[in-house]
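S.K.: Handing you a structure now.
Where a number appears in this text, it was derived from the coordinates with a stated rule and is not lab data. Computed from a prediction, not measured in an experiment: that's the story for all the values here. For neighbour counting, all protein chains shown are included, and Cβ atoms are generated from backbone atoms with ideal geometry for every residue, glycine included.
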Amino acid sequence: MTRNPLSDLDPALRVLAENAHVVPATGQAMADLMVPDADELYDRVHLGEAASQVISSVAEDSNRQVHRQVRELHRQERHIFRYFLDGSANTHYLGNVLEHERQSPVHLAQVGAVAIRRADDGRVRIAAADRRFLLMLDQSALSDDLYEAVRRVLSITDTCELVNSAGNDDPFADGVQAAREPRSRAAHRANWRMRLREKAIAEQMADEMGTDTDQRLVLDGSLGSEYVEDWQLAHSPHVGVVKSTWKGMRFEIGRERRRVNLFQLLADLPAGHRTVAFSLREGRLATWFVRLRGPQYLQFPLMGTLRVEIPMPDIGFVNTELVDELSGALIAERSVTPYGKDTRWHSHLYPIWLAERAITQTLFVPENVLKASLRWPLTALHIGAA
């Protein structure tokens, strides 16, 4: 007999089914997606005021070139990036629970994060991993007794959490209009909880790395306020890489302070080059763009580029040599590319892709298993042989 991976949720779903009327999703659990592109929307939130303002402050101590060529820095020469961190969130709509005149959507989410460690010989292993199931209800739409009963039965597990889908503890949702809609906001809540899982692993990796800048961690995504405002993480050698950056960014460049949009900044950026580094978040972050490949033979002028972020805890300038080294090491990570395996292959880093695969294929319950296990409320959970 194989234990049902969702069996810890059974008591909570039974409480809902026995104490309220359930209108299930047609057929089985339905995947809830965030549209438009969630990564780009969240990048806008991370940028804060910079998303709507003109970015003009240069963060480098010696370079003022708008486009600058960098030398590829391969692992055999200097192994800078040893840890690669990514997270994922998968949200399903189970149905609605009706309690007298009240009603709440019911969502189930899987959130997880994985850090990959690469040895000097190139072999990779999972350094840290975390997964949680989230049962998501609108607390304000249910009675205190029912919500508390669900919370109580979930509190005895270490794999499941009850999340208020209408809560206000999510800085992502505050900046995304779609996240305020009842059906879509659960997916945004789950994404924020995924970021918290990432942050917990980043803290663990920071303890392992200490201040050794030859053991940097690459995080898939922007270094948001949860990193910048955390003293330990703000002083850790982390590098954020953004594959889907906010397209509304604007800049002032050159001695003449010419204003350009993101397309103008990157359209003529050759492969193997980077832009000048700019200052973000009142001088606490430095950001710049690196072109991994293209722009020739790609479908879109921004394809093949990454936006890179590193912390500047001293609120000053970042060393130009450091920016060159990090850019060159990132360019060297562009192969092997997961071409055909991911729509973002053109700007993917292979170890980050491996971290994604570790989450979806190792941590997460496959969607077909989840759907087969959840036919709620007819049979609650099919506990038994899987």
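S.K.: R0 = 22 Å: FRET efficiency of residue 77 with residue 40, Cβ-based, nearest 0.05?
M.R.: 0.05
S.K.: Can you tell me the FRET efficiency between residue 282 and residue 372 if r is taken as the Cβ-Cβ distance and R0 is 56 Å, rounded to the nearest 0.05?
M.R.: In this case the efficiency is close to 0.65.
S.K.: Over the stretch 7-373, what is the relative contact order in percent, taking alpha-carbon pairs closer than 8 angstrom and at least six residues apart?
M.R.: 23 percent
S.K.: Between residue 225 and residue 67, what is the label-to-label distance in nm when each label sits 7 Å out along the Cα-to-Cβ direction?
M.R.: Between residue 225 and residue 67, the simple spin-label model gives 3.6 nm.
S.K.: Once the piece of chain linking residue 203 and residue 98 is laid out straight, how much longer is it, given 0.36 nm per residue of separation minus the C-alpha distance between them?
M.R.: Taking 0.36 nm per residue and subtracting the Cα distance, the gain is 33.7 nm.
S.K.: Can I ask one more? When all alpha-carbon pairs of the stretch 196-244 are counted, what percent fall beyond 16 Å?
M.R.: Tail of the P(r) past 16 Å holds 30 percent of the pairs.
S.K.: In addition: When only alpha-carbon atoms are used, what values of Rg and Dmax, in angstrom, describe the stretch 7-373?
M.R.: Considering the stretch 7-373 through its Cα atoms, Rg and Dmax are 21.8, 70 Å.
S.K.: Can you pull out the trypsin sites (Lys or Arg not before Pro) in the stretch 221-328 that DSSP calls coil and that have at most 11 other Cβ atoms within 10 Å?
M.R.: Here the sparse-neighbourhood loop sites are 255, 257.
S.K.: HN-Hα J couplings of the stretch 221-231 from phi, Karplus 6.51/-1.76/1.60, θ = phi - 60°, integer Hz, Gly and Pro as x?
M.R.: Computed from phi, the couplings for the stretch 221-231 are x, 6, 7, x, 4, 5, 8, 5, 8, 8, 4 Hz.
S.K.: Next question. Need one number: nm distance between label points at residue 51 and residue 152, each 7 Å from Cα along Cα→Cβ, rounded to one decimal.
M.R.: 4.1 nm
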